[in-house]
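The values are calculated or read from the model by the stated rules, or taken from the named source; none is laboratory data. Small disclaimer: the values here were computed from a predicted structure and weren't measured. Neighbour counts are summed over all protein chains in view; Cβ atoms, including those assigned to glycine, are modelled from backbone coordinates with ideal geometry.
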Amino acid sequence: MTRTKLTRTRLGATLGLLGGLAVAAPLAADENADLVINGDLKITVRAEAPAHLDGALSEITSGWIYRSDETQQLEMDDFDNPGMIFVDQAMDVWGTPDGTEGKSCASCHDDPAQSMAGVRAVYPKWNEEAGEVRTLAMQINACRESRMGAEKWDIVKSDMVNMEALIAVQSRGIPVNVAIDGPARETWEKGKEIYYTRYGQLELACANCHEDNYGNYIRADHLSQGQINAFPAYRLKNAKLNAVQDRFKGCVRDTRAETFKPGSPEFNALELYVASRGNGLSVEGPSVRN
Amino acid sequence: MASGVKPRVKAPKTASAGEVVTIKTLISHPMESGQRKDGNGNPIPRSIINRFTCEFNGESVVDIAMEPAISTNPYFEFDAKVPESGEFKFTWYDDDGSVYEDTSAVTVS
């Protein structure tokens, strides 16, 4: 009798706690908001899913719509967007000669506003000469090594990520359109396999969160579709721009797996596949996320 | 000395007399708090912007004392009334003695 009573009391307390949690609603995100930067640059944050997804997603959406109102607003004005500081820093590097050839990026590519327009939208891309799919970071490093005679950059460190942001910003508003046919097909298939493979002690594939559960909460995190159209992303948690493959690493680590290394063939293939899932969304980087 | 410091200001170029305008300012700065240690366990010395001021034609608009808990790249947004044509002058004071300045002219039409 006493025992039953005790159990009932405990149960009552537990229910009370759950009720309390349900009332404390998570931070609001306006999933129907539209993104316009600086009052005139329209960004496509919702688009028809590309054909290769074969109905896996009804609509593709940028991660921007899942963020809180305050975070969304930071991206709507370049002055408020802390990521633009790093674009400025990369602009200084763009014109600074480096390496044995005494060349800078500007020596060949002149003004990035012209030469880099639309570039971000089509990477990763098959490179005929090298016989491989190249991410934007690989292409930058190839340029640095062969044309400038300079040291490669670490692909997740600030020099590289800032430069990617400078290149991305020239394509803002242009729809992502990476090619997945022809010679890139093999790499794309490999990336797709990784996307749907469960990793780690938690046995989670990318798809378990970002295809099956986007819009839902995983503890305090509001899950997005894991689109990468908006990278590099300025994260409020570490106050710098973050490379997409660094984000991949963080995600795989959270499944309690040994991760692939940024720059590995596995992550390069995954970057191509995930980019192709966003074909139709605008290039948005540098974005602001939490 | 802190590297990569660059002040930025966004303020309107024109206003009507007596109009209240919004001014946004940002300075890129590491804002090293002095609480952290480097790889060898030695404290990293404090290096922050400790004061920010804005003046309009010599008259003080805001004067802000800043402390080590303020994040990297400090951003300030505030309103100011524009009685006449003139110039906003912004000044940031660094722990290392450096002073960074920027100005923005506004015309009353």
If you check A:98, A:77, A:54, which single one turns out to be within 14 Å of chain B (Cβ to nearest Cβ) and of a type outside the set (Gly, Ala, Ser)?
A:77
For the range B:54-77, give me each residue that is away from chain A (no Cβ under 14 Å) and either under 30 Å from residue A:238 (Cβ atoms) or basic (Lys, Arg) (or both).
B:54, B:62, B:64, B:65, B:66, B:67, B:68
Can you find a residue in the range A:199-211 that is over 21 Å from residue A:50 (Cβ atoms) and in contact (Cβ under 8 Å) with a residue 60 or more places away in the chain?
no
Among the candidates B:51, B:8, which residue alone is within 15 Å of the chain's Cα centre (by Cα) and at pLDDT 95 or above?
B:51
If you take the residues in the range B:12-44 that are among the hydroxyl-bearing types (Ser, Thr, Tyr) and touching a Lys or Arg at 6+ places or on another chain (Cβ under 8 Å), which one is nearest to the other protein chains (Cβ to nearest Cβ)?
B:28
What is the residue count in the range A:128-175 for residues that are touching a helix residue (DSSP H, G or I) at 6+ places or on another chain (Cβ under 6 Å) and not β-branched (Val, Ile, Thr)?
14
Out of (1) over 26 Å from residue A:210 (Cβ atoms); (2) in contact (Cβ under 8 Å) with a residue 12 or more places away in the chain; (3) of a type in the set (S, T, N, Q), the one residue A:96 does not meet is (2)
Taking the condition of a type in the set (Val, Ile, Thr), more than 13 Å from residue A:214 (Cβ to Cβ) and without any contact (Cβ under 8 Å) to a residue 60 or more places away in the chain, does residue A:45 pass?
no
Right, residue B:44: over 16 Å from residue B:12 (Cβ atoms), touching an Asp or Glu at 6+ places or on another chain (Cβ under 7 Å), at pLDDT 90 or above and surrounded by 11 or more Cβ atoms within 10 Å (Cβ to Cβ) or not?
yes
Just name the residue that is nearest to residue A:59 (Cα to Cα) out of those in the range A:188-216 that are of a type in the set (S, T, N, Q) and under 19 Å from the mean Cα position of the chain (by Cα).
A:213
Within the range A:37-51, can one find any residue that is more than 23 Å from residue B:28 (Cβ to Cβ) and within 14 Å of chain B (Cβ to nearest Cβ)?
yes
Residue A:189 passes all but one of the listed conditions (1) free of Cβ contacts under 8 Å to residues at least 24 places away in the same chain; (2) more than 12 Å from residue A:270 (Cα to Cα); the exception is number (2)
Complete set of residues in the range A:166-186 that are touching a residue at least 60 places away in the same chain (Cβ under 8 Å) and either assigned to a loop (DSSP other than H, G, I, E, B) or touching a strand residue (DSSP E or B) at 6+ places or on another chain (Cβ under 7 Å) (or both):
A:168, A:171, A:172, A:173, A:174, A:175, A:176, A:177, A:178, A:180, A:184
Out of the residues in the range A:132-148 that are crowded, with 17+ Cβ neighbours inside 10 Å and of a type in the set (S, T, N, Q), which is nearest to residue A:263 (Cα to Cα)?
A:135
I need the full set of residues from the range A:153-198 which are buried (at least 20 other Cβ atoms within 10 Å of the Cβ) and among the hydroxyl-bearing types (Ser, Thr, Tyr), in order please.
A:171, A:187
